[in-house]
1. What is the helix-to-structure angle for 149-163, meaning the angle in degrees between its Cα long axis and the longest Cα principal axis of the chain, kept from 0 to 90 and rounded to the nearest 10?
2. Could you tell me the convex hull volume per residue, in Å³, taken over the Cα atoms of the chain?
3. Exactly which GluC sites (Glu not before Pro) in region 379-461 are in a DSSP loop and have at most 14 other Cβ atoms within 10 Å?
4. Under the classification rounded if a/c is under 1.5, otherwise prolate if a/b is larger than b/c and oblate if not, where does region 38-158 fall, given a ≥ b ≥ c as square roots of the Cα gyration tensor eigenvalues?
5. Can you give me the distance in nm between label points at Thr21 and Lys330, each placed 7 Å from the Cα along the Cα-to-Cβ direction?
6. To make sure I understand the rule: partners must be lysines, Cα under 16 Å from the Cα of Lys265, and not fewer than 8 residues away in the same chain. Which ones qualify?
7. Quick check: at a probe of 1.4 Å, how many percent of the accessible area of the chain sits on carbon and sulfur atoms?
8. Give the accessible surface of the chain per residue, rounded to a whole number of Å², with probe radius 1.4 Å and ligands, DNA and RNA excluded.
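The values are calculated or read from the model by the stated rules, or taken from the named source; none is laboratory data. All values reported here derive from a predicted model rather than from experimental measurement. Glycine gets a Cβ as well: all are built from the backbone with ideal geometry, and neighbour counts include every protein chain shown. We work out accessible area using only protein heavy atoms, side chains counted, and drop any ligands, DNA or RNA first. Shrake-Rupley method; radii C 1.70, N 1.55, O 1.52, S 1.80 Å.
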Amino acid sequence: MKAHDGMYIGGAWRPARGQDTIAVVNPADEQVIAQVPAGTAEDVDDAVCAAREAFRGWAATPPAERAARIAALRDVLVARADEIAETVTAELGAPLQLSQTVHTGVPVLVAGSYAELAASYSFEEKLGNSTVLLEPVGVVGAITPWNYPLHQIVAKVAPALAAGCTVVLKPAEDTPLTAQLFAEAVDEAGLPAGVFNLVTGLGTVAGQALAAHDDVDLVSFTGSTAVGRQIGATAGGAVKRVALELGGKSANVILPSADLAKAVKLGIANVMSNSGQTCSAWTRMLVHKDQYDEAVALAKAAVAKYVPGERVGPLVSAKQQQRVRGYIEKGVAEGARMVAGGPEAPRETGYYVSPTVFADVTPEMTIAQEEIFGPVVSLLRYEDEDDALRIANGTVYGLAGAVWAGDEAEAVTFARRMDTGQVDINGGRFNPLAPFGGYKQSGVGRELGPHGLSEYLQTKSLQF
Ligand code: NAD
């Protein structure tokens with residue numbers, strides 16, 4: 001696609017207020033592929049004004065009509081699927097097949113789910129002598145990361161629109177082209193002017209201006225815990241609603257009765273997908289001491305299939321590549337046993353990192369505590385179920401996880417004791433309606449399905 005040199009505000013592409021630009025780099029070959037405008041606080045202000053102006057009209061639009069517009073948006077995403085996949089591959093580096101199936105397919109599913117929910121959701125309820133109205137919160141400031149460029153946008157914009165909110169989006173600086181493509185899709189779908197607005201730019205400039213804007217009613221942020229903490233503090237100070245989807249360090253708990261080979265194979269696949277740049281990735285594999293050596297051998301064999309440049313893409317940027325290689329070095333320095341991969345770059349060009357497996361990882365090691373956000377798996381040994389639970393719950397995060405056992409009931413009993421927002425039982429499938437979000441420092445609020453929609457609603461009760 002051709003990059004826009006302006007912002008999408010009030011239903012049109014307008015020149016940016018400033019002159020600065022951001023270079024977009026293809027992480028597979030390190031070439032600059034486009035420039036997009038670096039938005040300023042003035043651009044953010046223009047966009048928030050447009051969203052405010054459009055708010056009353058969109059909030060008063062019947063839900064069935066809002067649903068029809070979201071369905072039209074979904075249809076445009078389907079019609080432009082090839083272009084979306086190519087754009088994600090160009091700016092994120094994901095292998096094209098992953099871009100087609102996950103990066104394009106999942107947002108289409110999620111947009112479709114909100115088209116249906118907008119039409120069927122009950123925006124009114126009776127409680128005794130009261131009628132409770134579920135009304136849109138207002139103008140939403142959405143700030144998204146680069147790891148699933150389109151999914152992160154759709155997971156905020158679709159429920160906000162379904163609820164009757166209007167939106168200003170500030171996408172990640174590494175992946176702005178997918179966001180511009182989404183704005184084109186919104187335009188093509190015929191959403192009223194100002195209902196969705198896009199300002200590209202730096203987090204510390206445009207992102208901060210959006211999060212701090214007085215006329216934004218709700219800030220929905222996905223990204224690092226460090227930035228989330230700041231945004232939460234700003235929102236708290238202004239007494240405005242905030243939703244935070246932050247980091248994770250999820251445990252993949254393999255109980256002794258599980259199908260070990262399957263659990264290890266799918267556990268490795270889960271982390272290697274998207275080059276490990278998935279906040280909910282099961283980066284800590286917990287194995288019973290009696291099965292540990294077998295699991296290490298299985299993990300080593302499984303990871304060999306993930307060849308950089310073939311099944312595994314590069315990381316998004318040189319900065320992320322450096323960061324992940326630094327964690328691998330730290331794992332070695334702290335005494336973990338590297339059984340595959342390593343800190344050396346596997347290819348001369350591109351921000352690739354070798355798929356890496358560490359054994360003999362203990363719970364207090366840095367690689368078992370901090371989010372690495374790369375293709376790195378740690379295998380930890382546990383003594384018994386209580387020990388496994390202590391290790392699984394022993395980080396500041398609580399975003400996701402997995403449990404494998406011979407029968408589902410056993411896995412569910414363990415999953416109930418985990419301090420985390422999502423658990424996949426014996427490799428359970430992705431469900432676009434299931435609430436997604438964190439316990440503990442993984443965040444505040446939920447995305448997807450009806451729980452995700454309710455984040456964008458506030459209640460008014462009428463007494464009779
Ligand atoms: P990041 O926090 O640096 O950036 C995320 C977004 O915030 C970007 O759009 C960025 O421009 C913006 N931003 C940066 N500083 C800002 C500021 N001071 N004020 C306002 N906005 C600002 O994170 P990242 O490096 O883009 O993404 C990687 C991190 O995001 C990882 O830690 C990962 O776990 C997390 N993440 C979480 C989820 C989730 O759903 N829980 C999903 C994806 C990524």
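1. Taking Cα atoms only, the helix is inclined about 40 degrees.
2. Details: hull volume 63.7 nm³, N = 464.
Per residue, the Cα convex hull of the chain comes to 137 Å³.
3. Values: sites: Glu383, Glu385, Glu408, Glu410, Glu447, Glu455; in loops: Glu383, Glu455.
Answer in residue order: Glu383.
4. Numbers: a/c = 2.49, a/b = 1.50, b/c = 1.66.
Oblate is the answer for region 38-158, as a/c is 1.5 or above yet b/c matches or exceeds a/b.
5. 3.6 nm
6. Lys300, Lys305
7. Working: 9300 of 18190 Å².
Accessible surface attributable to carbon and sulfur in the chain totals 51 percent.
8. Details: 18190 Å² over 464 residues.
Per-residue value: 39 Å².
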